[in-house]
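Written below as structure tokens is the structure these notes are about.
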Amino acid sequence: MTEQEINRAIQYVTAATSYGRDTVAEILRTGLSELAQLSTQSTCRFEREDLMGYLCLWTMKRTGHPEPLVREVLDGAGRWLDEVATTVARRREAQENAGDDDEPGAATA
């Protein structure tokens, strides 16, 4: 996600909830950074609810905010989180498929 997209998500969630911009920004940036980190380190595929549960717990521990607040903010940004997860899945699939192009025994030029 670009900085502009992150700021748009922060603005959207701030307007849709009663929480301050700084609180929303901290939660979203923390959750998004963990999602990005997880995408580079994990080879597992997660169901959406399991991933959201993990992000919620991890964000709660990192920020110290209570679960209802963190869950509401992350759920409010679900569209952006889904977009990041989809982008990551596509990249991973493309990388896996790139390795499949090399057939054993194929002639190389």
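Using helices alone, what [θ] at 222 nm do you get for the chain, with -39,500 (n - 2.57) per DSSP H run of 4 or more residues, divided over all residues and rounded to the nearest 500? So the helix-based figure for the chain works out to -26000 deg cm²/dmol. Just the protein heavy atoms count here, and of the accessible area of the chain at 1.4 Å, carbon and sulfur take up 49 percent. Largest GNM mean-square fluctuation among A25, A94, A77, using the chain with Cα springs under 10 Å: A94.
Matching the structure-derived mean projected area of the Cα convex hull in nm² against the labelled list (1) 5.9; (2) 8.5; (3) 6.8 gives the label (2).
Here the Karplus curve 6.51 cos²θ - 1.76 cosθ + 1.60, taken at θ = phi - 60°, turns the phi angles of segment 48-64 into couplings of 4, 5, 5, 5, 5, x, 5, 4, 5, 4, 5, 5, 4, 5, 6, 9, x Hz, with x standing for Gly and Pro. Derived scalar couplings between HN and Hα for segment 19-28 equal 9, x, 4, 5, 5, 4, 4, 4, 5, 5 Hz in order, rounded to whole Hz, by the Karplus curve 6.51 cos²θ - 1.76 cosθ + 1.60 (θ = phi - 60°), x for Gly and Pro. With springs only between Cα atoms under 10 Å apart, run a GNM on the chain and tell me which of Q95, Q37, Q11 wobbles the most. Result: Q95 has the largest fluctuation of those listed. Which of T59, T40, T30 ends up with the largest GNM mean-square fluctuation for the chain, with Cα atoms connected below 10 Å? With Cα springs under 10 Å in the chain, the top fluctuation among T59, T40, T30 is at T40. Rounded to the nearest 20 debye, the dipole size of the chain about its Cα centre is 480 debye, using +1 on the Cβ of Lys and Arg and -1 on the Cβ of Asp and Glu.
The values are calculated or read from the model by the stated rules, or taken from the named source; none is laboratory data. Only a predicted model underlies this, so the values are computations on that prediction, with no experimental measurement involved. Virtual Cβ from ideal backbone geometry, glycine too; neighbours counted across all protein chains shown. Please note that ligands, DNA and RNA were not included when accessible areas were found on the heavy atoms of the full protein model with its side chains. Shrake-Rupley method; radii C 1.70, N 1.55, O 1.52, S 1.80 Å.
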